[in-house]
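All remarks here apply to the structure that follows.
The values are calculated or read from the model by the stated rules, or taken from the named source; none is laboratory data. Note that the structure is predicted; figures quoted are calculated from it, not measured. With ideal geometry, Cβ positions are generated from the backbone for all residues, glycine too; neighbour counts draw on all protein chains shown. We work out accessible area using only protein heavy atoms, side chains counted, and drop any ligands, DNA or RNA first. Shrake-Rupley method; radii C 1.70, N 1.55, O 1.52, S 1.80 Å.
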Amino acid sequence: MMNAYEYERALNWAAALGAPLLSQNGVRPPYSPAACRAANFDSEGILRKLWNVTDGEGVRELARRMWAGMHNPSFQEIRLLLSGMTLDQRQAYVESYREREQYGELYTVNLYMDRLTPAGIAAWDLGRLAFYLRCARLEQYITEAEEEAYLLHTAVRARFSYRSWPDYAVAYMAGRQFWAGDLSEEWSEINYGILRGLLTEESTPWRELEWEIDLPEPPVLVP
Amino acid sequence: MGVWKILGIAPTADARTIKRAYAALLKKVHPEDDPEGFQRLREAYGEALELAKTLQAEASAGTIGPDSAADRSVQANTESAEDSEASYGSSGEAGRLPAWGEANRLTRRRRQEDRRSPDEGAGADGGERQTESMQSGPLEAAERVRRMQELYAEYARRIRPELWEELLGDERLRNLTFRREAQSDVLRFVAEHPHLPHAVWQVLDRTFDWTGDELGLVRSVPPEFAAFVLESIRQPAALRFEYVPSDPGFDQDEFLGLRARGAGLFRSGRLREAVEEWDRASELFAGDPDLLRLRAAALHLLGEDLRAEEDWRKLVAQFPDERDAFLRLADRLLETERASEALRLLQRALDLRPNDPQALLGLARCYRESERYMEAQHVCDLALMLEPSDIELRIRLLDLQSLQVQRLLEILKRYPGDRDSRYAAGELLYGLGRYEECERVLTEAPLYGSTGEMKALLGRTLLRLGREAEAEERFDEAVAASEAAGQNGYEARYRRGLHLAKRGEWRAAEADLRRAAALAPGENARLHAALADCLAGLGRFDEALESIGRALRIKPCSAFYGIRAVARHGLGQYEDALEDCERASEYRALDRRTLEVRAYCELRAGRDEEAAYSLEAARDLGGDSPELLAALCELYLRRGAYREVVAATAPYVSAESSADAAVEGELLLCRGWACRALGMSAEAEEAFVEAAKRLPDDVRALRSALDVLFADGGLRAEAVLSYAERILARDPRDAETRLRYAGALLDLGRADEALRTIEDLLDRPERPQEFAFVWYYAGAVEIERRDYAAAAERLRRACGEGLQSDAASLLSIALFETGETGEALRLAREVCARQTGQAVYGDRLKRMENRSGVPSALRLLMRRNSRQEDWPFDIRRLPLRPLPRGGEFPYEREVGPR
């Protein structure tokens, strides 16, 4: 049985999955609800404009979709296709798409597919979900207990899909790159800027909370 | 005769035995010598293969063999489709190849039917029957197929595309009809013999152009088989055939079938089944690199890395050119903390392909694990140069930098006077965003002194910590220290220049940045961009454009496009500037300044709605600059919100001219137009005159001031003349101003000068808008001079241009005096009837009527200077008042005379 301190740490760990989006929205660590409120970002607008989520059911549906994977299935499909090829074949195949819309996606998969764990870019979906759950709680679409339950389910998925915070960070940003289909140096620098503080500053959860943290058994979700 | 007898073998389930027997007999039975025997042999071969499968299935007693799943589904297909289409089998399902045996059987049946009823018309497969009766002839077609079968049967020859090229090198195949007939047999052949290397498929495609006529292919064979053919031609993951043993004792087709089935399963995500197929293939032959590579990839994705490692190791051991294996095995070794072994593999991979970013990243990881941080960092830097979008490289670098900082801090504990290490540690800490630590490192050992570079770095750090005043002191000290020490002051100048530019201290910034540019060790995009910023701030837009162009050539960056937008806006290139604004906003929200520029450009381009949005966004960012207000006022004017303009610009009327005189001038111009629209003439005049003071070289402002003064009716004629002269000095072709100039001269009683000006105006090609007035006034002057004939000519023109009142009245005088009494009286009466309120016209008519009894010739004799007052006429009472002009302010144009 996990004590209160450990449980609190586990929750902080789960919330820290959303650190990239939290920090982009001006939230300083630790990413407590109070800190989120202080940052005064438009949590309602984010949920409504991006996901058309305006209530608890919408949030729960969003979580189910994110867990099933939003961008990761496409990533994995391309990964599978490219996995059957030699490196040279892969290169030629990707280049054959240079003038086409899918080029950015193919290029990104080719770039990261050998380094990512079998979970692929699930981090991108899970990390965003952690952030949206916090938004939902701020908007009181879900209760504190419900946020915790969904966060823990998300955390378990992430924890056993990756090996470290940098590992998670790479997968998250590979997902972001895949989503944007942008291969420019500037985009990469922007993404790096998002991660840099999280990975280097002394008092960020990614530095303070070890990846191999013990997570409690997530509570059964009420449908 | 039974199939086994024809083949000369005992019934068997072994396909290899059947194939060997068939291949041997093919050499003896030639289609030209014995066409029927050849046909029998082909049919026997197909039948035997079919029977072999049945025997195999029976032998397995219900167990599922490697082909069974595919065969079952093919069977289902063929049963449902009967004879019509199923002869080519199907490749629709993952891992399934066409039903070769079934195809053979069905083909045979069709041919038997053909033989039985030669006179029957063409049915569903009539095309095929026709083929045999056409140009190529059955014998020739059979011969081609026989040669293809021979080539296929001998594996070492089968995989040589040039032999296929030779075989299919029939000139007649260039003929479309001939090719279509021939392709039917070839397609049937490949359905039965699908295991061909990619290069051979391409030879076939070059010959029959299947990829060029997909529709034709789909029409001639079942869609699944067409898909299989096209996929075989296009396959991006072609497997190699040259490593498969070519000795006749090895059943290549079985191996290739298993390998291909596995690849199909793999592509459809059925990894476990794919591995099982490959395991079976491996039992036949374990030395195929593609088989090993594919199986390892599937095992890796299944998380079975131990087994995958075995395959990768086999690959590395047996195939020293397999770069993939080196990289994959190195990855595996790195994951399992065997960096030194991984290092060797990666070096070999780099030997095969130098500067491969994937291998370089692996190498950096190896160095890092071996605590060779500097080398790791160099490798990462190189890899990042080659692959700038790789986020992992950046993260690895971050990690390396952290480790290096630790090491440098250790060194500083032992050697606090080591300034190089101190500066290097500071740089790294700054790069890592650890600003407090950076400040501490740079300031904790004052005894050992600081270089200019260290002070500049401290300045940057303090800026990050929000201590701007201290930062500025450090920048100044940095420049001074560099100069005192005779060092290259590049870093100090550059950093201070950047800071000054950010503060908008353009001149000082430009000086620093120019000096830095001269000292720069290489091209620095940011430096040129900052310089461009300064030049734009100083209004030197051409230079700014050149400088920012240079920066963009070095490194395209959205922020730089924002600066170029400012420069282009300054040069009036509004559409280009808007494009740059678009690029600038690609990655980040625009800053206030660029938003303002965008709003200006949108206003100029007439996109009011977008401009309103941009202005709103700029205001949200705290924008309250005069530039923003000017744009906002322009927008208000366009929307007719004049009172808002008047309210917003009120503080600028009485204010002293400041450094922003140009923008203030714009604001006052807006105010003037708003006041004019609201009928606030005095306020309009004040605003325009103030605007002209602030924009002394701007003809728009000067014209506005001139016009408003001119409209006063001659009271400010001296001032009007002054403005007009200034405008005409800048724009001598400005006919409207020249007209007003003439009007002012008349106001001042300088009729001769006015007439010269008008004469000059009449000679110019630039026809003023108020041309009628010019003719009118020229005519009036001639009347004053009593040159009635000239007056009549000019006044006729004025009337012709639409003037009817005074011009017509004066014309009547000119006509009366030149003897055209009747017309003069008619005209004078018309004017009186139209303008009943004007007594002067009545007086003129009365005089004409009184004098109309005197003959015109006598009237001419009676004309004397002393009698010129006979006509109620005073040129000063009719000042030249042209229409207010429009054009420069598209949002407002007054109409009608004032």
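Enumerate the helices (runs of 4 or more DSSP H) found wholly within the stretch B:367-440, keeping only those where 2 or more residues are within 24 Å of residue A:183 (Cα to Cα) and open to solvent by less than 30 Å² (accessible area, probe 1.4 Å).
Working: elements: B:373-386, B:391-414, B:419-431.
Because the criterion is at least 2 residues that are within 24 Å of residue A:183 (Cα to Cα) and open to solvent by less than 30 Å² (accessible area, probe 1.4 Å), the helices (runs of 4 or more DSSP H) in the stretch B:367-440 that meet it are B:373-386, B:391-414.
Residues in the stretch B:306-333 that are within 20 Å of residue A:163 (Cβ to Cβ) and within 10 Å of chain A (Cβ to nearest Cβ): how many?
Number satisfying all stated conditions: 3.
Within the stretch B:146-170, how many residues are more than 22 Å from residue B:255 (Cα to Cα) and more than 50 Å from the chain's Cα centre (by Cα)?
The total comes to 2.
Name the residues in the stretch B:698-719 that are β-branched (Val, Ile, Thr) and not in a helix (DSSP H, G or I), would you?
Initially, the stretch B:698-719 is screened for residues β-branched (Val, Ile, Thr), giving B:699, B:708.
The answer is none; no residue qualifies.
Being within 25 Å of residue B:625 (Cβ to Cβ), basic (Lys, Arg) and in contact with a helix residue (DSSP H, G or I) (Cβ under 7 Å, 6 or more places away or on another chain) narrows it down to one residue among B:564, B:503; which is it? Working first, answer last.
Details: B:503 fails: in contact with a helix residue (DSSP H, G or I) (Cβ under 7 Å, 6 or more places away or on another chain).
After applying the criteria, what remains is B:564.
In the stretch B:405-436, what residues are farther than 14 Å from residue B:459 by Cα, within 14 Å of chain A (Cβ to nearest Cβ) and charged (D, E, K, R)?
Result: B:434, single match.
Within the stretch A:127-138, is there a residue that is away from chain B (no Cβ under 14 Å), more than 30 Å from residue A:94 (Cα to Cα) and surrounded by fewer than 21 Cβ atoms within 10 Å (Cβ to Cβ)?
So far as the stretch A:127-138 goes, yes, one or more of its residues are away from chain B (no Cβ under 14 Å), more than 30 Å from residue A:94 (Cα to Cα) and surrounded by fewer than 21 Cβ atoms within 10 Å (Cβ to Cβ).
Of all residues in the stretch B:739-766 being in contact with a Lys or Arg (Cβ under 8 Å, 6 or more places away or on another chain) and part of a helix (DSSP H, G or I), which is surrounded by the fewest Cβ atoms within 10 Å (Cβ to Cβ)? So that I can check it myself, show each step before the final result.
As a first pass, look at the stretch B:739-766 and keep what is in contact with a Lys or Arg (Cβ under 8 Å, 6 or more places away or on another chain): B:743, B:746-747, B:749, B:757, B:760-761, B:764, B:766.
Then drop every residue that is not part of a helix (DSSP H, G or I), which leaves B:743, B:746-747, B:757, B:760-761.
Numbers: B:743: 26, B:746: 25, B:747: 22, B:757: 22, B:760: 12, B:761: 21.
Ranking the qualifying residues of the stretch B:739-766, first place goes to B:760.
Being at negative phi, assigned to a helix (DSSP H, G or I), of a type in the set (S, T, N, Q) and within 14 Å of chain A (Cβ to nearest Cβ) is true for just one of B:347, B:358. Which residue is that?
Working: B:347 fails: within 14 Å of chain A (Cβ to nearest Cβ).
Within the list B:347, B:358, the selection yields B:358.
Run residue B:581 past the list (1) away from chain A (no Cβ under 14 Å); (2) in contact (Cβ under 8 Å) with a residue 24 or more places away in the chain; (3) over 15 Å from residue B:529 (Cα atoms) and report the number of the one that doesn't hold.
It fails just one condition, (2).
Given (1) over 18 Å from residue B:848 (Cα atoms); (2) at pLDDT 80 or above; (3) open to solvent by 30 Å² or more (accessible area, probe 1.4 Å); (4) in contact with a helix residue (DSSP H, G or I) (Cβ under 6 Å, 6 or more places away or on another chain), where does residue B:782 come up short, assuming only one miss?
The single condition residue B:782 does not satisfy is (3).
Look at residue B:401 and say whether it is more than 42 Å from the chain's Cα centre (by Cα), of a type in the set (S, T, N, Q) and within 14 Å of chain A (Cβ to nearest Cβ).
No.
Provide a single number: the residues in the stretch B:263-295 that are open to solvent by less than 30 Å² (accessible area, probe 1.4 Å) and facing another protein chain (nearest Cβ under 10 Å).
As a first pass, look at the stretch B:263-295 and keep what is open to solvent by less than 30 Å² (accessible area, probe 1.4 Å): B:263-266, B:271, B:274-275, B:277-278, B:281-282, B:287-295.
Those left that are additionally facing another protein chain (nearest Cβ under 10 Å): B:263-264, B:266, B:271, B:274, B:289-290, B:293-294.
Summing the residues that are open to solvent by less than 30 Å² (accessible area, probe 1.4 Å) and facing another protein chain (nearest Cβ under 10 Å) in the stretch B:263-295 gives 9.
What is the residue count in the stretch A:59-80 for residues that are surrounded by fewer than 18 Cβ atoms within 10 Å (Cβ to Cβ) and in contact (Cβ under 8 Å) with a residue 12 or more places away in the chain? Write out each step before concluding.
Taking the stretch A:59-80 and keeping what is surrounded by fewer than 18 Cβ atoms within 10 Å (Cβ to Cβ), we get A:61, A:64-65, A:67-68, A:73-74, A:77.
This time we only want the ones that are in contact (Cβ under 8 Å) with a residue 12 or more places away in the chain, so: A:67, A:74.
The qualifying residues number 2.
Could you say whether any residue in the stretch B:603-621 is open to solvent by 10 Å² or more (accessible area, probe 1.4 Å), part of a helix (DSSP H, G or I) and within 14 Å of another protein chain (Cβ to nearest Cβ)? Before you say what the answer is, go through the steps one by one.
The initial filter retains those residues of the stretch B:603-621 that are open to solvent by 10 Å² or more (accessible area, probe 1.4 Å), namely B:604-610, B:612-613, B:616-617, B:619-621.
Within this subset, residues satisfying the condition of being part of a helix (DSSP H, G or I) are B:604, B:608-610, B:612-613, B:616-617, B:619-620.
After this cut, where a residue has to be within 14 Å of another protein chain (Cβ to nearest Cβ) as well, the list is B:620.
Taking every residue of the stretch B:603-621 in turn, at least one turns out to be open to solvent by 10 Å² or more (accessible area, probe 1.4 Å), part of a helix (DSSP H, G or I) and within 14 Å of another protein chain (Cβ to nearest Cβ).
Any residue in the stretch B:796-806 that is within 23 Å of residue B:842 (Cα to Cα) and among the aliphatic types (A, V, I, L, M)?
The answer is yes; a qualifying residue exists.
Please go through the stretch A:188-202 and pick out each residue that is more than 8 Å from chain B (Cβ to nearest Cβ) and open to solvent by less than 30 Å² (accessible area, probe 1.4 Å).
Scanning the stretch A:188-202 gives A:194, A:198.
Hey, residue A:97 hits all of (1) touching a Leu at 6+ places or on another chain (Cβ under 6 Å); (2) under 20 Å from residue B:328 (Cβ atoms); (3) more than 9 Å from chain B (Cβ to nearest Cβ) but one; which does it fall short on?
Checking residue A:97 against (1) touching a Leu at 6+ places or on another chain (Cβ under 6 Å); (2) under 20 Å from residue B:328 (Cβ atoms); (3) more than 9 Å from chain B (Cβ to nearest Cβ), the one that fails is (2).
List, please: which pairs have Cβ atoms under 8 Å, are six or more places apart or on different chains, and start with a residue in the stretch B:302-327 that is polar (S, T, N, Q) and end with one that is buried (at least 17 other Cβ atoms within 10 Å of the Cβ)?
Listed by first residue and then by second, the contacts come to B:318/B:289.
Only residues that are farther than 12 Å from residue B:805 by Cβ and either acidic (Asp, Glu) or touching a Cys at 6+ places or on another chain (Cβ under 9 Å) (or both): list them for the stretch B:825-843, please.
If the condition is that a residue be farther than 12 Å from residue B:805 by Cβ and either acidic (Asp, Glu) or touching a Cys at 6+ places or on another chain (Cβ under 9 Å) (or both), then B:842, B:843 are the ones that fit.
Does at least one position in the stretch A:154-162 carry a residue that is open to solvent by 20 Å² or more (accessible area, probe 1.4 Å), over 18 Å from the mean Cα position of the chain (by Cα) and in contact (Cβ under 8 Å) with a residue 24 or more places away in the chain? Please lay out each step first, then the result.
Taking the stretch A:154-162 as the starting set, the residues that turn out to be open to solvent by 20 Å² or more (accessible area, probe 1.4 Å) are A:156-157, A:159-161.
Then drop every residue that is not over 18 Å from the mean Cα position of the chain (by Cα), which leaves none.
No, there is no match, as no residue in the stretch A:154-162 is open to solvent by 20 Å² or more (accessible area, probe 1.4 Å), over 18 Å from the mean Cα position of the chain (by Cα) and in contact (Cβ under 8 Å) with a residue 24 or more places away in the chain.
Do you know which of the residues in the stretch B:523-555 that are assigned to a loop (DSSP other than H, G, I, E, B) and more than 20 Å from residue B:494 (Cα to Cα) is most open to solvent (accessible area, probe 1.4 Å)?
Our first condition is that a residue be assigned to a loop (DSSP other than H, G, I, E, B); within the stretch B:523-555, this holds for B:523-524, B:538-540, B:555.
Imposing the further condition that a residue be more than 20 Å from residue B:494 (Cα to Cα) reduces the set to B:539-540.
On the way: B:539: 40, B:540: 77 Å².
If we take residues in the stretch B:523-555 being assigned to a loop (DSSP other than H, G, I, E, B) and more than 20 Å from residue B:494 (Cα to Cα), then B:540 is most open to solvent (accessible area, probe 1.4 Å).
Looking only at the stretch A:102-118, which residues are more than 8 Å from chain B (Cβ to nearest Cβ), assigned to a loop (DSSP other than H, G, I, E, B) and surrounded by fewer than 19 Cβ atoms within 10 Å (Cβ to Cβ)?
Answer for the stretch A:102-118, where residues must be more than 8 Å from chain B (Cβ to nearest Cβ), assigned to a loop (DSSP other than H, G, I, E, B) and surrounded by fewer than 19 Cβ atoms within 10 Å (Cβ to Cβ): A:102, A:117.
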